[in-house]
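First up is the structure itself, then whatever we jot down about it.
The values are calculated or read from the model by the stated rules, or taken from the named source; none is laboratory data. All figures in this text were calculated on a predicted structure; none of them were measured in a lab. Glycine gets a Cβ as well: all are built from the backbone with ideal geometry, and neighbour counts include every protein chain shown.
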Amino acid sequence: MTESSSALNPKEQPRIIIDCDPGVDDAMAIITAARWADLVGITSVAGNVPLEHTTANACRIRDLLGLDIEVHAGAERPLTGAQEFATEVHGETGLGNLVLPEPTRGPDSKDAVSWLLETTKHEEGLHLVPIGPLTNIALALRADPSMISRVASITLMGGAALGIGNVTAAAEFNVYADPEAADEVFRSGAPLTMLGLNLTHQVRMGSVHGRECATYGTPVGDAMAELLEFYSVFHLAEEETEDGPVHDPCAVLAVTHPHLFRFSARPVYVEVEAIHTRGMTVVDERGPRAEGPLNCNVAYGAESETLVDLVMQAVREA
(Lines give C-alpha, C1' and ligand atoms only; values in the text may rest on other atoms or scores of the structure.)
Protein backbone atom coordinates (compact mmCIF):
# COMPACT_ATOMS: atom_id res chain seq x y z
CA MET A 1 0.00 0.00 0.00
CA THR A 2 1.28 3.46 -0.85
CA GLU A 3 0.24 7.09 -0.70
CA SER A 4 -2.87 7.23 -2.88
CA SER A 5 -4.90 9.90 -4.64
CA SER A 6 -6.18 7.89 -7.61
CA ALA A 7 -9.86 7.89 -8.54
CA LEU A 8 -12.16 5.17 -9.73
CA ASN A 9 -13.76 5.63 -13.12
CA PRO A 10 -16.78 7.83 -12.29
CA LYS A 11 -18.91 5.80 -14.72
CA GLU A 12 -18.30 2.63 -12.74
CA GLN A 13 -20.05 2.28 -9.42
CA PRO A 14 -18.16 -0.13 -7.16
CA ARG A 15 -20.20 -3.04 -5.86
CA ILE A 16 -20.29 -2.97 -2.08
CA ILE A 17 -21.74 -4.80 0.90
CA ILE A 18 -22.47 -2.66 3.95
CA ASP A 19 -22.09 -4.30 7.36
CA CYS A 20 -23.73 -1.96 9.84
CA ASP A 21 -25.47 -1.23 13.14
CA PRO A 22 -27.99 1.53 12.25
CA GLY A 23 -27.46 4.06 13.92
CA VAL A 24 -28.05 7.64 12.75
CA ASP A 25 -24.93 7.92 10.62
CA ASP A 26 -25.31 4.33 9.39
CA ALA A 27 -28.62 5.41 7.90
CA MET A 28 -26.85 8.33 6.25
CA ALA A 29 -24.24 5.93 4.87
CA ILE A 30 -26.88 3.65 3.33
CA ILE A 31 -28.54 6.67 1.72
CA THR A 32 -25.15 7.71 0.35
CA ALA A 33 -24.39 4.21 -0.92
CA ALA A 34 -27.74 3.95 -2.69
CA ARG A 35 -26.66 6.85 -4.91
CA TRP A 36 -22.93 6.41 -5.36
CA ALA A 37 -22.39 2.64 -5.15
CA ASP A 38 -23.92 -0.51 -6.53
CA LEU A 39 -25.22 -1.83 -3.22
CA VAL A 40 -25.26 -5.62 -3.22
CA GLY A 41 -26.72 -6.16 0.25
CA ILE A 42 -26.67 -5.23 3.92
CA THR A 43 -25.64 -7.25 6.96
CA SER A 44 -26.50 -6.12 10.47
CA VAL A 45 -24.62 -6.40 13.74
CA ALA A 46 -25.30 -5.33 17.31
CA GLY A 47 -23.51 -2.11 18.18
CA ASN A 48 -25.12 1.27 18.45
CA VAL A 49 -28.27 -0.51 19.64
CA PRO A 50 -29.22 -4.20 20.03
CA LEU A 51 -29.39 -6.44 16.97
CA GLU A 52 -33.19 -6.52 16.83
CA HIS A 53 -33.17 -2.76 16.29
CA THR A 54 -30.19 -2.56 13.92
CA THR A 55 -31.74 -5.25 11.72
CA ALA A 56 -35.19 -3.68 11.72
CA ASN A 57 -33.65 -0.28 10.95
CA ALA A 58 -31.74 -1.72 7.99
CA CYS A 59 -35.00 -3.17 6.67
CA ARG A 60 -36.82 0.15 7.20
CA ILE A 61 -34.13 2.07 5.34
CA ARG A 62 -34.26 -0.49 2.53
CA ASP A 63 -37.98 0.29 2.20
CA LEU A 64 -37.44 4.05 2.46
CA LEU A 65 -35.01 3.94 -0.46
CA GLY A 66 -36.94 1.34 -2.46
CA LEU A 67 -33.90 -0.93 -2.64
CA ASP A 68 -34.19 -4.39 -4.13
CA ILE A 69 -31.46 -5.95 -1.99
CA GLU A 70 -31.21 -8.50 0.79
CA VAL A 71 -30.67 -7.78 4.49
CA HIS A 72 -29.09 -10.48 6.66
CA ALA A 73 -28.94 -10.35 10.45
CA GLY A 74 -25.60 -11.09 12.05
CA ALA A 75 -23.93 -11.20 15.44
CA GLU A 76 -25.93 -10.11 18.48
CA ARG A 77 -22.93 -9.92 20.81
CA PRO A 78 -19.15 -9.42 20.63
CA LEU A 79 -16.72 -12.32 20.43
CA THR A 80 -15.98 -11.95 24.13
CA GLY A 81 -17.06 -9.72 26.97
CA ALA A 82 -20.10 -7.56 27.57
CA GLN A 83 -22.05 -5.79 24.86
CA GLU A 84 -21.63 -2.01 24.60
CA PHE A 85 -24.33 0.23 23.12
CA ALA A 86 -24.43 3.92 22.15
CA THR A 87 -28.06 4.78 22.79
CA GLU A 88 -27.05 8.18 24.20
CA VAL A 89 -25.87 9.10 20.69
CA HIS A 90 -28.44 7.30 18.53
CA GLY A 91 -31.55 6.97 20.71
CA GLU A 92 -33.06 3.86 22.22
CA THR A 93 -33.89 2.22 18.89
CA GLY A 94 -31.08 3.71 16.81
CA LEU A 95 -32.58 6.34 14.53
CA GLY A 96 -32.97 9.17 17.00
CA ASN A 97 -36.46 10.61 16.81
CA LEU A 98 -37.05 9.36 13.27
CA VAL A 99 -40.06 7.06 13.06
CA LEU A 100 -40.21 5.00 9.88
CA PRO A 101 -43.01 2.57 8.98
CA GLU A 102 -42.63 -1.05 9.97
CA PRO A 103 -40.64 -2.82 7.25
CA THR A 104 -42.62 -4.57 4.55
CA ARG A 105 -40.41 -7.61 5.09
CA GLY A 106 -37.90 -8.70 7.66
CA PRO A 107 -34.34 -9.91 7.21
CA ASP A 108 -33.72 -12.46 4.48
CA SER A 109 -31.79 -14.63 6.93
CA LYS A 110 -30.28 -14.62 10.40
CA ASP A 111 -26.93 -15.89 9.14
CA ALA A 112 -25.00 -12.91 7.85
CA VAL A 113 -21.70 -14.79 7.97
CA SER A 114 -22.82 -17.54 5.61
CA TRP A 115 -24.30 -14.98 3.24
CA LEU A 116 -21.06 -12.96 3.24
CA LEU A 117 -19.04 -16.06 2.41
CA GLU A 118 -21.42 -17.32 -0.26
CA THR A 119 -21.73 -13.91 -1.90
CA THR A 120 -17.98 -13.27 -2.02
CA LYS A 121 -17.47 -16.75 -3.50
CA HIS A 122 -20.11 -16.11 -6.16
CA GLU A 123 -18.60 -12.76 -7.11
CA GLU A 124 -15.02 -11.80 -6.43
CA GLY A 125 -13.94 -8.18 -6.21
CA LEU A 126 -16.70 -6.89 -3.94
CA HIS A 127 -15.92 -4.16 -1.42
CA LEU A 128 -16.91 -4.86 2.18
CA VAL A 129 -17.77 -1.68 4.06
CA PRO A 130 -18.11 -2.40 7.79
CA ILE A 131 -19.37 0.66 9.68
CA GLY A 132 -20.15 -1.02 12.99
CA PRO A 133 -18.31 -3.46 15.26
CA LEU A 134 -16.28 -5.94 13.22
CA THR A 135 -17.85 -9.08 14.70
CA ASN A 136 -19.45 -10.37 11.48
CA ILE A 137 -16.27 -9.81 9.48
CA ALA A 138 -14.11 -11.58 12.06
CA LEU A 139 -16.49 -14.54 12.19
CA ALA A 140 -16.50 -14.76 8.39
CA LEU A 141 -12.70 -14.76 8.31
CA ARG A 142 -12.61 -17.45 11.00
CA ALA A 143 -14.92 -19.60 8.90
CA ASP A 144 -13.05 -18.97 5.65
CA PRO A 145 -9.73 -17.06 5.82
CA SER A 146 -9.52 -17.16 2.03
CA MET A 147 -12.23 -14.50 1.86
CA ILE A 148 -9.44 -11.91 2.11
CA SER A 149 -8.24 -12.93 -1.35
CA ARG A 150 -11.69 -12.58 -2.89
CA VAL A 151 -12.65 -9.06 -1.79
CA ALA A 152 -11.38 -5.86 -3.35
CA SER A 153 -11.19 -4.15 0.03
CA ILE A 154 -12.45 -4.04 3.57
CA THR A 155 -13.03 -0.33 4.04
CA LEU A 156 -14.12 0.32 7.59
CA MET A 157 -15.24 3.19 9.73
CA GLY A 158 -13.59 2.63 13.05
CA GLY A 159 -10.57 3.35 15.16
CA ALA A 160 -8.42 6.42 14.83
CA ALA A 161 -4.94 7.57 14.12
CA LEU A 162 -3.27 10.14 16.36
CA GLY A 163 -4.66 8.67 19.58
CA ILE A 164 -8.19 10.07 19.30
CA GLY A 165 -11.04 8.30 21.10
CA ASN A 166 -14.73 8.93 21.66
CA VAL A 167 -15.98 6.19 23.99
CA THR A 168 -12.76 6.40 26.02
CA ALA A 169 -9.78 8.71 25.78
CA ALA A 170 -8.07 6.22 23.48
CA ALA A 171 -10.76 4.10 21.81
CA GLU A 172 -13.36 4.67 19.11
CA PHE A 173 -16.74 3.00 19.65
CA ASN A 174 -16.84 0.46 16.79
CA VAL A 175 -13.48 -1.02 17.77
CA TYR A 176 -14.13 -0.71 21.51
CA ALA A 177 -17.42 -2.60 21.14
CA ASP A 178 -15.52 -5.71 19.98
CA PRO A 179 -11.75 -5.27 20.22
CA GLU A 180 -11.07 -8.98 19.76
CA ALA A 181 -12.92 -9.00 16.45
CA ALA A 182 -11.09 -5.88 15.30
CA ASP A 183 -7.77 -7.41 16.31
CA GLU A 184 -8.47 -10.50 14.21
CA VAL A 185 -9.47 -8.43 11.19
CA PHE A 186 -6.41 -6.16 11.40
CA ARG A 187 -4.11 -9.19 11.70
CA SER A 188 -5.82 -11.12 8.89
CA GLY A 189 -3.82 -9.78 5.96
CA ALA A 190 -7.00 -8.43 4.34
CA PRO A 191 -6.77 -5.33 2.12
CA LEU A 192 -7.80 -2.86 4.83
CA THR A 193 -8.61 0.83 4.68
CA MET A 194 -9.44 2.65 7.92
CA LEU A 195 -11.57 5.76 8.14
CA GLY A 196 -11.00 6.73 11.76
CA LEU A 197 -12.06 9.58 13.99
CA ASN A 198 -9.06 11.66 12.94
CA LEU A 199 -10.59 11.73 9.44
CA THR A 200 -14.32 11.71 10.12
CA HIS A 201 -14.13 14.71 12.44
CA GLN A 202 -13.12 16.70 9.36
CA VAL A 203 -16.46 15.90 7.62
CA ARG A 204 -19.29 17.61 9.48
CA MET A 205 -23.00 18.18 8.94
CA GLY A 206 -25.67 19.72 11.09
CA SER A 207 -28.81 21.78 11.35
CA VAL A 208 -28.07 23.90 8.27
CA HIS A 209 -27.93 20.78 6.12
CA GLY A 210 -31.01 19.37 7.83
CA ARG A 211 -33.04 22.46 7.00
CA GLU A 212 -32.00 22.17 3.37
CA CYS A 213 -32.98 18.49 3.27
CA ALA A 214 -36.41 19.43 4.61
CA THR A 215 -36.97 21.62 1.54
CA TYR A 216 -36.63 18.69 -0.87
CA GLY A 217 -40.17 17.53 -0.18
CA THR A 218 -39.32 13.84 -0.35
CA PRO A 219 -39.51 11.02 2.21
CA VAL A 220 -35.74 10.62 2.12
CA GLY A 221 -35.20 14.36 2.50
CA ASP A 222 -37.59 14.46 5.45
CA ALA A 223 -35.87 11.45 7.05
CA MET A 224 -32.42 12.98 6.63
CA ALA A 225 -33.66 16.26 8.09
CA GLU A 226 -34.93 14.41 11.16
CA LEU A 227 -31.66 12.49 11.55
CA LEU A 228 -29.58 15.65 11.29
CA GLU A 229 -31.81 17.49 13.74
CA PHE A 230 -31.34 14.75 16.34
CA TYR A 231 -27.60 14.76 15.64
CA SER A 232 -27.43 18.54 15.99
CA VAL A 233 -29.20 18.51 19.35
CA PHE A 234 -26.76 15.89 20.64
CA HIS A 235 -23.68 17.75 19.49
CA LEU A 236 -25.02 21.07 20.75
CA ALA A 237 -25.34 19.55 24.20
CA GLU A 238 -22.01 17.69 24.08
CA GLU A 239 -19.77 20.11 22.19
CA GLU A 240 -21.72 23.38 21.97
CA THR A 241 -21.70 23.16 18.19
CA GLU A 242 -24.64 22.63 15.83
CA ASP A 243 -22.80 20.24 13.58
CA GLY A 244 -21.01 16.95 14.10
CA PRO A 245 -18.89 14.41 12.26
CA VAL A 246 -20.78 12.17 9.85
CA HIS A 247 -18.59 9.14 10.39
CA ASP A 248 -20.09 6.30 8.38
CA PRO A 249 -20.71 7.96 5.01
CA CYS A 250 -16.96 8.58 4.86
CA ALA A 251 -16.30 4.84 4.54
CA VAL A 252 -18.74 4.55 1.63
CA LEU A 253 -17.27 7.58 -0.13
CA ALA A 254 -13.72 6.29 0.39
CA VAL A 255 -14.70 3.41 -1.90
CA THR A 256 -16.73 5.39 -4.43
CA HIS A 257 -14.59 8.57 -4.49
CA PRO A 258 -11.13 7.62 -3.19
CA HIS A 259 -9.52 10.56 -4.99
CA LEU A 260 -11.12 12.87 -2.41
CA PHE A 261 -9.06 11.33 0.41
CA ARG A 262 -5.42 11.18 1.37
CA PHE A 263 -4.29 7.75 2.56
CA SER A 264 -1.00 6.46 3.88
CA ALA A 265 -0.02 2.87 4.62
CA ARG A 266 0.72 2.18 8.28
CA PRO A 267 1.18 -0.72 10.67
CA VAL A 268 -1.98 -0.74 12.79
CA TYR A 269 -2.59 -2.86 15.88
CA VAL A 270 -5.62 -3.19 18.14
CA GLU A 271 -5.08 -3.11 21.89
CA VAL A 272 -7.09 -5.85 23.59
CA GLU A 273 -5.47 -6.29 26.99
CA ALA A 274 -4.68 -2.92 28.56
CA ILE A 275 -7.09 -1.31 31.03
CA HIS A 276 -6.99 2.30 29.87
CA THR A 277 -6.38 1.73 26.16
CA ARG A 278 -8.52 -1.33 25.41
CA GLY A 279 -9.94 -0.95 21.91
CA MET A 280 -7.34 1.59 20.82
CA THR A 281 -6.02 1.34 17.26
CA VAL A 282 -2.29 1.80 17.67
CA VAL A 283 -1.02 3.38 14.45
CA ASP A 284 2.75 3.33 14.06
CA GLU A 285 3.61 6.77 12.69
CA ARG A 286 7.42 6.37 12.85
CA GLY A 287 7.97 6.00 9.13
CA PRO A 288 11.12 3.99 8.33
CA ARG A 289 11.38 2.96 11.99
CA ALA A 290 7.85 1.53 12.07
CA GLU A 291 7.64 -2.09 13.13
CA GLY A 292 5.45 -4.71 11.52
CA PRO A 293 3.69 -5.01 8.15
CA LEU A 294 1.96 -2.06 6.50
CA ASN A 295 -1.39 -3.76 7.04
CA CYS A 296 -3.75 -0.82 6.63
CA ASN A 297 -4.32 2.25 4.48
CA VAL A 298 -5.16 4.97 7.00
CA ALA A 299 -7.11 8.05 5.92
CA TYR A 300 -5.61 11.34 7.07
CA GLY A 301 -7.18 14.04 4.94
CA ALA A 302 -10.24 14.65 2.79
CA GLU A 303 -11.90 17.25 0.62
CA SER A 304 -14.58 17.66 3.26
CA GLU A 305 -16.88 20.14 1.51
CA THR A 306 -17.04 17.95 -1.57
CA LEU A 307 -17.86 14.89 0.55
CA VAL A 308 -20.71 16.73 2.24
CA ASP A 309 -21.97 17.85 -1.17
CA LEU A 310 -22.01 14.21 -2.30
CA VAL A 311 -24.08 13.19 0.73
CA MET A 312 -26.51 16.03 0.07
CA GLN A 313 -26.76 15.08 -3.60
CA ALA A 314 -27.55 11.51 -2.60
CA VAL A 315 -30.42 12.75 -0.46
CA ARG A 316 -31.63 15.18 -3.09
CA GLU A 317 -31.72 12.54 -5.84
CA ALA A 318 -33.15 9.68 -3.79
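Okay, here's what the table says:
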read-out: Residue match in the range 168-180 (condition: part of a helix (DSSP H, G or I), within 13 Å of the chain's Cα centre (by Cα) and among the β-branched types (V, I, T)); value: yes
read-out: Number of positions in the range 202-260 that are more than 20 Å from the chain's Cα centre (by Cα) and of a type in the set (V, I, T); value: 5
read-out: Residue match in the range 102-120 (condition: of a type in the set (K, R) and assigned to a helix (DSSP H, G or I)); value: no
read-out: G244 being touching a helix residue (DSSP H, G or I) at 6+ places or on another chain (Cβ under 6 Å), buried (at least 18 other Cβ atoms within 10 Å of the Cβ), of a type in the set (G, A, S) and in a strand (DSSP E or B); value: yes
read-out: Residue that is touching a residue at least 24 places away in the same chain (Cβ under 8 Å), of a type outside the set (A, V, I, L, M), out of contact with any strand residue (DSSP E or B) (no Cβ under 9 Å at 6 or more places or on another chain) and closer than 14 Å to I42 by Cα, where the choices are R60, R142; value: R60
read-out: Residue list for the range 13-26, filter: more than 10 Å from the chain's Cα centre (by Cα) and assigned to a helix (DSSP H, G or I); value: V24
read-out: All positions within the range 161-172 that are surrounded by fewer than 24 Cβ atoms within 10 Å (Cβ to Cβ) and within 21 Å of L253 (Cα to Cα); value: A161
read-out: Odd one out for G81 among (1) modelled with pLDDT of 95 or more; (2) within 20 Å of D178 (Cα to Cα); (3) surrounded by fewer than 21 Cβ atoms within 10 Å (Cβ to Cβ); value: (1)
read-out: Leading residue by the ranking (farthest from the chain's Cα centre (by Cα)) among those in the range 126-160 that are in a loop (DSSP other than H, G, I, E, B) and crowded, with 24+ Cβ neighbours inside 10 Å; value: A160
read-out: Test result for E184, under 16 Å from V246 (Cβ atoms), buried (at least 19 other Cβ atoms within 10 Å of the Cβ) and either in contact with a Leu (Cβ under 9 Å, 6 or more places away or on another chain) or free of Cβ contacts under 8 Å to residues at least 24 places away in the same chain (or both); value: no
read-out: Inter-residue pairs, beta-carbon under 7 Å, first closer than 18 Å to G66 by Cβ and of a type in the set (D, E) and in the range 207-226, second modelled with pLDDT of 95 or more and not in a loop (DSSP other than H, G, I, E, B), 6+ apart; value: D222/A214
read-out: Residues of the range 85-100 that turn out to be surrounded by fewer than 16 Cβ atoms within 10 Å (Cβ to Cβ) and over 13 Å from D222 (Cβ atoms), as a count; value: 3
read-out: Residue satisfying all of: in the range 191-212; over 18 Å from D284 (Cβ atoms) and small (G, A, S); surrounded by the most Cβ atoms within 10 Å (Cβ to Cβ) among these; value: G210
read-out: A46 vs. criteria part of a loop (DSSP other than H, G, I, E, B), under 17 Å from the mean Cα position of the chain (by Cα) and of a type outside the set (D, E, K, R); value: yes
read-out: Residues of the range 89-125 that turn out to be without any contact (Cβ under 8 Å) to a residue 12 or more places away in the chain and within 20 Å of the chain's Cα centre (by Cα), as a count; value: 0
read-out: Subset of the range 258-278 [over 20 Å from P133 (Cβ atoms) and touching an Asp or Glu at 6+ places or on another chain (Cβ under 9 Å)]; value: H259, L260, F261, R262, F263, S264, A265, R266, P267
read-out: Residue under evaluation I164, criteria (1) part of a loop (DSSP other than H, G, I, E, B); (2) at pLDDT 95 or above; (3) under 28 Å from E88 (Cα atoms), criterion not met; value: (2)
read-out: All positions within the range 215-245 that are farther than 14 Å from A314 by Cα and among the aliphatic types (A, V, I, L, M); value: L227, L228, V233, L236, A237
